[in-house]
Amino acid sequence: MAKIIAVANQKGGTAKTTTTLNLGAALAEKGRRVLLIDMDPQGSLAVGWGISDVYNLPKTVYHVLMGEAALKETIISVRLNVDVAPANIYLSAAEFQLINKHRREDKLKNALQPVRDLYDYIMIDCPPSLGLLTVNALSASDQVLIPMSCDFYSMVGVTLLLDTIREIQVEVNPKLTVLGILATRYDARTLHSREVLERTKIEMGKGLRVFESLIKETVRFKESPVVGQSILEYAGNNDGARAYRALAEEVENG
């Protein structure tokens, strides 16, 4: 049965999609069967794998949440061991349309049950908000991986997310745990980046895991989606590729 991991942070620009895509690729490289679910209306996860016509797809995660399609109807195989359930801008309407639905926070959780045994990992790319889409992802997940870009506002955002996770644990999903905080967009040349990382380890590292893997800033992360590849394919010897391989090891080894 798959381990379900939500990749979440309500602040934009923290490398949620980059992490979902490249950690998924690294796990698949190790022979694990991986399903990546896009819960972000921007649809960047599918585009990053080379699915350029996301706006013309007949069935997406939106249709799943609305009860108009089974999740397996949306799944697209993009690489060996990697499947994607895509989204597009229409998913943004789900935030409003789910409000009056019964058990609105469990729509994704229920949709995942028929496919959970087909994968080793299911990773959910969350939108940069704490609305119903993110709540659905947290309700469906076993663990939360929190990418945190190494800047002050992102660190503050993690604190707010942790408050939300505690609420979800009490009211919706008592089994939910935090897998860890992943430092992203790290630039060792700047004092601010180094200070934020150190402060995160001191203030949050006592009760939460801060991954040893560091995702450093590199232009390769911007270039690889243009050609529809993970960084492992596009620049396999780059520091970024090595970091996500190391992160896959950390995730697997608990």
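As a test of the formula, what do you get for the chain when each DSSP H run with n ≥ 4 contributes -39,500 (n - 2.57) and the sum is divided by the residue count, at 222 nm and rounded to the nearest 500 deg cm²/dmol?
-11000 deg cm²/dmol
What is the gain in length, in nm to one decimal, between Ala188 and Arg220 on full extension, counting 0.36 nm per residue of separation less the C-alpha to C-alpha distance?
9.8 nm
Can I get the semi-axes of segment 115-254's equivalent ellipsoid? Compute them from the C-alpha gyration tensor as square roots of 5 times the eigenvalues, in angstrom, largest first.
Working: eigenvalues 124, 86, 40 Å².
Gyration-tensor ellipsoid for segment 115-254: 25, 21, 14 Å.
Over the alpha-carbon set of the chain, divide Rg by the Kirkwood Rh and report the Rg/Rh ratio to two decimals.
Looking at the chain, the ratio lands at 0.94.
Classify segment 13-149 as rounded, prolate or oblate, taking a ≥ b ≥ c as the square roots of the eigenvalues of its Cα gyration tensor: rounded when a/c is under 1.5, otherwise prolate if a/b is larger than b/c and oblate if not.
Here segment 13-149 falls in the rounded category.
Which of these, Phe96, Phe221, Phe211, has the largest mean-square fluctuation under a Gaussian network model of the chain (Cα springs below 10 Å)?
Maximum among the listed residues: Phe96.
List the relative contact order of segment 29-146 as a percent without decimals, with contacts defined as Cα pairs under 8 Å and 6+ residues apart. It would help to have the intermediate numbers written out before the result.
Values: 185 pairs, mean separation 43.4, N = 118.
Relative contact order comes out at 37 percent.
Taking H as built 1.01 Å from N, whose amide H comes closer than 5 Å to the amide H of Met148, not counting residues under 5 places away?
Leu182, Ala183, Thr184
Quick one: which residues, 5 or more positions from Ile124 or on another chain, have an amide H under 5 Å from its amide H? H modelled 1.01 Å from N in the peptide plane, none for Pro or chain starts.
Hits under the 5 Å cutoff: Ile5, Ala6, Val7, Ile37.
Which order results if Thr184, Thr177, Thr20 are arranged by neighbouring Cβ count within 10 Å, fewest first?
Least crowded to most crowded, the residues run Thr177, Thr184, Thr20.
Read-outs throughout are calculated quantities, based only on the coordinates presented, and are distinct from any laboratory measurement. Quick caveat: nothing in here was measured; it's all calculated off a predicted structure. Please note: Cβ atoms are built from the backbone with ideal geometry, for glycine as well, and neighbour counts cover all protein chains shown.
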